[in-house]
Amino acid sequence: MSSSNRFTTPNQPDEAESLMASNDVDLRLVGVSKSFGAVHALKECTVDVRRNEILALLGPSGCGKSTLLNIVAGFLEPDAGDVWLRGRQVNEVPPNRRNTGMVFQHYALFPHMTVRQNISYGLHARKLPADVIDERVKEMMNLLKFEGLEDRYPEALSGGQKQRVAVARALAIHPDVLLLDEALSALDKNLREEMQIELSLLLRRLGITTILVTHDQQEAFTLGDRIALMENGRIIQIGQPEDIYLKPQSKFVVEFMGSANRLSGTVGLTREGDGAVHARCGLAFTIPPGSPDWSSGQSVLAYVRAEDLMLSHEPTAVHAGEPARIVLVTFLGAKSRFVIELGDDQIIVERSGGDGATGFSEGDNVYVSFPPARCHVVADD
Amino acid sequence: MHPWLWLLPALALLIPFFVMPLGILARNSVYRDDPTALMVPDFTFDNYVRMLTDSYYLDVFTNSLWIAFLVGIIALIVSYPFAYYVVRWARRSRKLLIWAIYMPLIVSVIVRVFGWIVITADSGLINNMLVSIGFVDQPLQILYAVGGMMIGLTHRYLPLMVLPLVNAISKIDPTLLTASTGLGAGRFRTFALVVLPLSLPGMVVGFQLVFAGVLSDYVLPNLMGTTRFRMLAPAIYDEAIGNVSWASAASMAVIMIIIVVVVLLITNLAFRRFAPWARTL
């Protein structure tokens, strides 16, 4: 195929530009597909991961993100498409000859080997000289802060320590790409958040190209430079965390990104002649700029996040008709949550402590508003 | 109700019919055999001294130890690939294969020995075939020789090796093999450094069971072996019934028990020493 020229004949002058572009791409997937029997686990996934970049594959279970990771590692063969590692097409290269380091969900530490033996396993497999191995193990011990545990067996380690050994074992081989497969999900919540920060700092300091698979949005946002959101074997949207969060491009993305209110309605016109959404619950608002063109009368879904909604005692531009009624107020620490009933819909509003949370209580009649730009309108199909 | 009462049925059986006879055996072993009477009460270690100095008895012990050791090793070599296949590859055939391994435990050992006799006799299946293809002129002496006895013993104790191995190998997390490959190890390296060490618990248990079984086996040396190569259990029988020397037969039995206990202890200690991780598996 044409793209192979780009890598195998670098001295052609007209290829120079694309070569430069590919030089800082550590991993390139082109049209990768994979089926298990009748199940299409991956459908034509194409993505570049740049050097030193951390890409988070985020999606619900069964979306194909682990399959993608296993194809990169070579544990699975793609049915179609190409995998390029550091400018080399590796489709036919077995996993033990690819230089990838994988951290598994349950660590997969060798129970019959000490911490030191676990970390040096990949180095011995590469037949490195003993002094290099010793040096590398020390470096890893130092990096992940577990000196003194060298001669322990995995069963004598805590969850967090096992996690560190698993990361050290994968990093010790100085992999081209580090692969984290739900690597933190076996830890309990507090430790997991600690490790997310620690790992994020470590990976940035080392500048190591990483692909991370997770179903946890916070983990993806903490670690990922870019997020690839996956659904049903496809990469739905790829971009920086802010882009994914603020500019979701589909219903799935908004809903997966959590706590958004969903308002169904139809497209109409404002008095000024702009496109507007008339929600069934009685709210009406202009369609935010940058949305695709909608035709009048089309059914749409509008999503507004709980934190973007504001409450007031007076009618607002968005909410001019019948007031809504607060049915539940919940104190959540940093913020308060209001459940309000508007027509047949239930809407959730979250306000942080000092920020307009006071002055509203259960039973109050209120009006809601939100900046139109914070609303995401998608076709209702 | 005191929890200890749960042990009552087992103790009611074991104390009168196992522990007490063992005590009697130990007592008999220090009695003196009398040519004119059955046994004379005494307290002497003469029997033990004779067992450990007389070349006839020494041969019996070394023969049995050797055969028990060899059959243990052969059973391990035969069983391991089988167990590995059953765990890693067998899908629909898995139940059938496991059942085939249990089968010998269900069929009487005597029936199985007669099967082997038909196969290994001078005019049996193997020799007929070898002679008819001209591989040998005279039938090979398989039955009533050490070789035939070892075939029978290996077959008899094979399940005791396969089952612990299947158990140990199926406990190995397949992700470990993936991890090993991902770290750059090839198939052979992964097997030698991950699979094999992690099946060690099954190998040790299997070897211990086969070793203890072979050392005390009476039927197979008797029906398939030869009197020119004495084995322990038949020798004890001959000592007691043939020579009417109950005291020295008792001392042979006690030594046999001690050998088994010592071998189990040594293998356990060695295992704990070289595989300290295995305690937690």
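The values are calculated or read from the model by the stated rules, or taken from the named source; none is laboratory data. Bear in mind the structure is a predicted one, so any value in this text is a computation, not a measurement. With ideal geometry, Cβ positions are generated from the backbone for all residues, glycine too; neighbour counts draw on all protein chains shown. These area figures cover heavy atoms from the full protein model, side chains too; ligands, DNA and RNA do not enter into them. Shrake-Rupley method; radii C 1.70, N 1.55, O 1.52, S 1.80 Å.
Numerical summary
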| read-out | value |
| --- | --- |
| Whole-Å distance, taken between Cα centres, linking segment A:185-234 and segment B:262-281 | 41 |
| Percent of Cα-Cα distances greater than 17 Å, calculated over segment A:97-155 | 42 |
| Taking the convex hull of Cα positions in segment B:206-281, its mean projected area over all directions (nm²) | 6.3 |
| By average C-beta atoms within 10 angstrom, highest first, the peptides A:96-108, B:88-100 | A:96-108, B:88-100 |
| Largest-first ordering by accessible area, 1.4 Å probe, given options A:Glu350, A:Glu322, A:Glu242, A:Glu150 | A:Glu322, A:Glu242, A:Glu150, A:Glu350 |
| Segment B:152-193 - Rg (one decimal) and Dmax (whole number), Cα, Å | 14.6, 44 |
| Summed buried accessible area for B+A [probe radius 1.4 Å, Å², rounded to 100] | 1900 |
| Intensity falloff of segment B:1-97 expressed as log10 I(q)/I(0), Debye formula with alpha-carbon point scatterers, at q = 0.18, 0.25 Å⁻¹ | -0.94, -1.19 |
| Segment A:300-381 - accessible surface per residue (Å², probe 1.4 Å) | 49 |
| Other protein chain Cβ atoms within 10 Å, averaged over every residue that makes up A:103-112 | 6 |
| Lysines with Cα under 25 Å of A:Lys335, excluding same-chain neighbours fewer than 8 positions away | A:Lys189, A:Lys247 |
| Relative compactness, segment A:259-379, computed as alpha-carbon Rg over 2.2 N^0.38 Å | 1.05 |
| Lysines with Cα under 18 Å of A:Lys34, excluding same-chain neighbours fewer than 8 positions away | A:Lys43, A:Lys65 |
| With all protein chains modelled, accessible area of B:Val19 [1.4 Å, Å²] | 80 |
| Farthest toward positive dipole pole in chain B [+1 Lys/Arg, -1 Asp/Glu at C-beta], among B:Leu265, B:Val60, B:Met224 | B:Leu265 |
| Value at 222 nm in deg cm²/dmol, rounded to 500, when DSSP H runs of n ≥ 4 in chain A each add -39,500 (n - 2.57) | -7500 deg cm²/dmol |
| Ellipsoid equivalent to segment A:171-243 - semi-axes via the Cα gyration tensor, in Å | 19, 16, 12 |
| Vicinal HN-Hα couplings computed from phi for segment A:230-244 (Karplus, 6.51 cos²θ - 1.76 cosθ + 1.60; Hz; Gly/Pro x) | 10, 8, 6, x, 10, 7, 7, 8, 9, x, 6, x, 4, 4, 4 |
| Inverse mean reciprocal Cα-Cα distance (Kirkwood Rh) of chain A, Å | 23.8 |
| Share of Cα-Cα pairs in segment B:176-240 lying beyond 20 Å, as whole percent | 54 |
| If the convex hull is drawn through the Cα atoms of chain B, its volume per residue in Å³ | 219 |
| Probe 1.4 Å, all protein chains present, accessible-area order of A:Lys251, A:Lys65, largest first | A:Lys251, A:Lys65 |
| Test item: Cα-centred dipole of chain A, Lys/Arg +1 and Asp/Glu -1 on Cβ, debye | 1000 |
| Candidate lysines for bridging to B:Lys171, where Cα separation is under 21 Å - those fewer than 8 sequence places away on the same chain excluded | A:Lys162, B:Lys95 |
| 10 Å Cβ neighbours from other chains, averaged over peptide A:153-160 | 2 |
| Quarter of the Cα convex hull surface for the protein assembly as shown, i.e. its orientation-mean projected area (nm²) | 50.3 |
| Relative compactness, segment A:23-125, computed as alpha-carbon Rg over 2.2 N^0.38 Å | 1.17 |
| Highest to lowest packing among B:156-164, A:111-119, scored as the average C-beta count within 10 Å | B:156-164, A:111-119 |
| With all protein chains modelled, accessible area of B:Phe17 [1.4 Å, Å²] | 150 |
| Euclidean distance between Cα centres, segment A:106-152 to segment A:163-178, Å | 10 |
| Shielding of B:170-182 by partner chains, average beta-carbon count, 10 Å | 6 |
